[in-house]
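The values are calculated or read from the model by the stated rules, or taken from the named source; none is laboratory data. Everything numeric in this text was worked out from a predicted model, so none of it was measured. Cβ placement follows ideal geometry from the backbone for every residue including glycine, while neighbour counts extend to all protein chains displayed. We work out accessible area using only protein heavy atoms, side chains counted, and drop any ligands, DNA or RNA first. Shrake-Rupley method; radii C 1.70, N 1.55, O 1.52, S 1.80 Å.
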Amino acid sequence: MNRLGGKGTALVKLMEAGFRVPKFFIVPVDAKLDPDEIAKSIKKLGAKKFAVRSSAMIEDGKKHSFAGQFLTVLDVAPDKVMAAIKKVRASGPAMSVIVQEMIYGDESGVAFSANPVTGALDEMVIETVKGLGDKLVSGKVTPETEIISKRGHHTGLEKIVLKIEKHFGYPVDVEWTRKGKTIYILQSRPITTL
């Protein structure tokens, strides 16, 4: 794992492969927090609000994911990003921080390229909630769950998830959001329960 942590490394790889990821920058684990540099990076993204997410060195590996165990701060105004970075950094050991453009999705969720409950590699599972996905990740709402065969023709989110699985070479757990007709990938990690 490098200085960007599991989640950060996966986001960079997704972006480089051409997947639609909200604009972001990463504060590496050992980087000093330079207010001027952070302000420049925020301005460069040009967003009105941000999601500030953890990317720990121990997070989102093939054996352990630690999903939802470290802090994420949503809906952060530009002048509050520095404070949010400090809070996220303090939420766990060896913590890089992702500052990502906040996307206010019409619906959001988690998609698994294999069935994490049964272990079936020929099935995809898509969980969906209205609005932001933080309600789903925190367990506050029960999602609409769809189990889909990986055989046959796929479009939209299903097709994207299969492409991500192929890109990484292992079954993935993908957080996503849809705004209008555009699907954004917020993060991807290995499914650790298989």
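Observations on the model:
- Checking Asp60, Asp75 one by one, the residue that is at pLDDT below 90 and in contact with a Lys or Arg (Cβ under 6 Å, 6 or more places away or on another chain) is Asp60 and no other.
- Among the residues of region 101-140, those identified as in a loop (DSSP other than H, G, I, E, B) and under 30 Å from Phe25 (Cβ atoms) are Met102, Ile103, Tyr104, Gly105, Asp106, Ser113, Gly131, Leu132, Gly133, Ser138, Gly139, Lys140.
- Taking the criterion of being open to solvent by less than 30 Å² (accessible area, probe 1.4 Å) and not in a strand (DSSP E or B), the only residue of region 144-154 that qualifies is His154.
- Checked against (1) open to solvent by 30 Å² or more (accessible area, probe 1.4 Å); (2) closer than 28 Å to Val73 by Cα; (3) out of contact with any helix residue (DSSP H, G or I) (no Cβ under 9 Å at 6 or more places or on another chain); (4) not hydrophobic (A, V, I, L, M, F, W, C), Glu101 passes all but condition (3).
- Filter pass, Leu157 being part of a strand (DSSP E or B) and surrounded by 18 or more Cβ atoms within 10 Å (Cβ to Cβ): no
- Of residues in region 1-58 being acidic (Asp, Glu) and either outside any helix (DSSP H, G or I) or closer than 19 Å to Ala84 by Cα (or both), the one least open to solvent (accessible area, probe 1.4 Å): Asp34
- Candidate set from region 165-187 (those that are touching a helix residue (DSSP H, G or I) at 6+ places or on another chain (Cβ under 7 Å), open to solvent by less than 20 Å² (accessible area, probe 1.4 Å) and modelled with pLDDT of 95 or more); member that is farthest from Ala51 (Cα to Cα): Val172
- Selected residue (criterion: nearest to Ala114 (Cα to Cα)) from residues of region 160-187 that are assigned to a strand (DSSP E or B) and not hydrophobic (A, V, I, L, M, F, W, C): Asp173
- Scope region 66-90; condition open to solvent by less than 40 Å² (accessible area, probe 1.4 Å) and not in a helix (DSSP H, G or I); matching residues: Phe70, Val73, Val76, Ala77
- Yes/no for Val129 being within 25 Å of Lys23 (Cα to Cα) and either in contact with a strand residue (DSSP E or B) (Cβ under 9 Å, 6 or more places away or on another chain) or not small (Gly, Ala, Ser) (or both): yes
- Verdict on Leu132 being modelled with pLDDT under 95 and under 16 Å from the mean Cα position of the chain (by Cα): yes
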